[in-house]
Structures are given as structure tokens and as C-alpha cells.
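The values are calculated or read from the model by the stated rules, or taken from the named source; none is laboratory data. Bear in mind that the values here come from a model prediction, so they are computed numbers and not experimental data. Glycine gets a Cβ as well: all are built from the backbone with ideal geometry, and neighbour counts include every protein chain shown. Areas reflect the complete protein model, heavy atoms only, side chains present, ligands, DNA and RNA absent. Shrake-Rupley method; radii C 1.70, N 1.55, O 1.52, S 1.80 Å.
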Amino acid sequence: MEFVTTEGFRSNSTIVHCNNGYFYKIKCTRTNSKSLQCIQTDCSVTDLIVENLLYEKRTHTTHGPDMHYLALVTLKQYILQRCVEECTRLRVIYEEETSRTQGVEHHLEYTSLLRTMERTRAAAQPKIPGDLMEYAGNLVDAGYVHLFRTANGRAMFRGFVMGPPDPGSAVVFISPSLENLLTSAQNFIYYMSRLKAGPLFYKQNNC
């Protein structure tokens with residue numbers, strides 16, 4: 001039979017199936033063949049892949065086909081992708097994504113997925129910078145744009161002010177409304193005594 005190889009439910013796993021509700025993991029790879037094992041822990045069925053065809057040695061007797069498995073894998077992928085790309089609370093992501101499914105949500109409990117969601121989000125965070133310049137680089141990295149937004153989801157201005165050696169440099173965060181005010185203001189007062197150089201965007205818009 002012809003088969004399909006795709007990502008499994010477990011992280012970094014690969015499964016093989018023939019679109020019939022039965023799924024296998026690769027147990028052993030040889031030069032001209034692959035040995036497969038059913039993913040159900042209580043099933044001892046093993047199949048074989050030879051020359052890009054799957055051969056069933058015997059039928060599954062301990063369980064029937066699982067027609068929800070692929071939808072469950074897809075649901076988990078959507079949830080984890082949002083954990084990477086958003087700062088939305090994990091519980092909210094889970095509830096929003098499971099509410100779009102029909103019958104699959106009962107097979108994926110929040111408590112069982114929470115640890116994976118936490119690890120996925122933590123892995124997507126920028127590493128702790130060694131210095132201010134490295135931190136400034138994180139500010140312009142497209143992969144971290146979602147980390148620098150206001151409460152209503154608008155992007156904040158992020159800038160790096162390179163000052164003289166004595167006062168040093170600074171990273172600046174400005175909300176969109178304040179940025180508009182600064183770029184249109186006639187007079188600019190440096191309120192923070194440690195900021196001895198104006199933000200670059202201000203100079204560019206007022207030269």
C-alpha cells in the first residue's frame with residue numbers, strides 16, 4: 001500500500017500511515033526496508049516498508065482505527081505555533097484553538113499540554129544578552145516583534161541611543177501615541193537627566 005510520512009503527536013516524532021486510521025512509528029531502518037511498530041502501546045502489530053510500499057503483516061485486533069489522530073496533531077501544532085508567535089496567555093490560546101475543533105478537544109487536556117506549551121514559549125524567547133548592543137539587536141529581530149507591543153496590540157517604537165563613553169548608551173521604548181506626539185512637537189525637553197542624546201527618529205524627523 002502507498003503510505004504518508006508526517007509529524008507525530010510527540011515532539012520531534014515521525015509517523016507513517018495509509019489514511020486508514022492506523023499509525024506507525026519507525027522501529028528500525030535497514031538498507032532496503034523499514035520496520036514499523038503500531039503507535040498504540042497495547043498493540044504488537046508490526047509492518048514493513050519495502051521499495052516505498054507498506055506491507056501489513058497482520059491486522060489490528062486490540063483496537064480500531066483512530067480517525068481523530070491527524071486532527072489532534074494539527075491542533076497541537078496550531079497551539080504551539082501561537083505559543084511561539086504571541087504573548088497571549090497559554091490558557092487563552094488553548095481555549096481559543098480547541099473551541100474551533102469538533103470532538104477533538106476531549107482528547108487533548110490543558111493540564112497534559114501545559115508543560116509543553118511552557119517549554120515551547122520559553123525556547124522561543126531571546127537569550128539573555130551579554131551587553132546592551134546585543135540587546136538592541138533583539139529589538140529589531142523580526143522573530144521577537146510580538147514581544148514589544150502595547151496592551152492593545154500596537155507595535156512600540158524600539159530604539160538604541162548611542163551616547164558618549166561617559167554617560168553611556170540607552171535602549172528606548174516609546175508607545176505609538178507618544179511617538180506621534182514627539183515627531184510633531186515643536187519643542188523637545190529632555191526630562192530624563194541620563195539621556196543626553198535625543199532618539200535617532202526624533203533627529204531624522206526634525207533635521
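Observations, loosely collected:
- Qualifying residue in the range 71-86 (condition: farther than 30 Å from T150 by Cβ and exposed (fewer than 13 other Cβ atoms within 10 Å of the Cβ)): no
- Residue in the range 149-157 that is of a type in the set (F, W, Y) and either touching a Gly at 6+ places or on another chain (Cβ under 8 Å) or modelled with pLDDT of 75 or more (or both) present: yes
- Test: residue in the range 55-69 that is open to solvent by less than 100 Å² (accessible area, probe 1.4 Å), of a type in the set (A, V, I, L, M) and either part of a loop (DSSP other than H, G, I, E, B) or modelled with pLDDT of 85 or more (or both): no
- For the range 24-47, the criterion of a residue being on the phi > 0 side of the Ramachandran plot and not hydrophobic (A, V, I, L, M, F, W, C) is satisfied by no position.
- Residues that are surrounded by fewer than 15 Cβ atoms within 10 Å (Cβ to Cβ) and of a type in the set (S, T, Y) were ranked within the range 36-50; the one that is farthest from V73 (Cα to Cα) is S44.
- Residue count, the range 10-31 (criterion: open to solvent by 60 Å² or more (accessible area, probe 1.4 Å) and either under 22 Å from S112 (Cβ atoms) or among the hydrophobic types (A, V, I, L, M, F, W, C) (or both)): 6
- Boolean, Y144 is closer than 27 Å to K76 by Cα and not in a strand (DSSP E or B): yes
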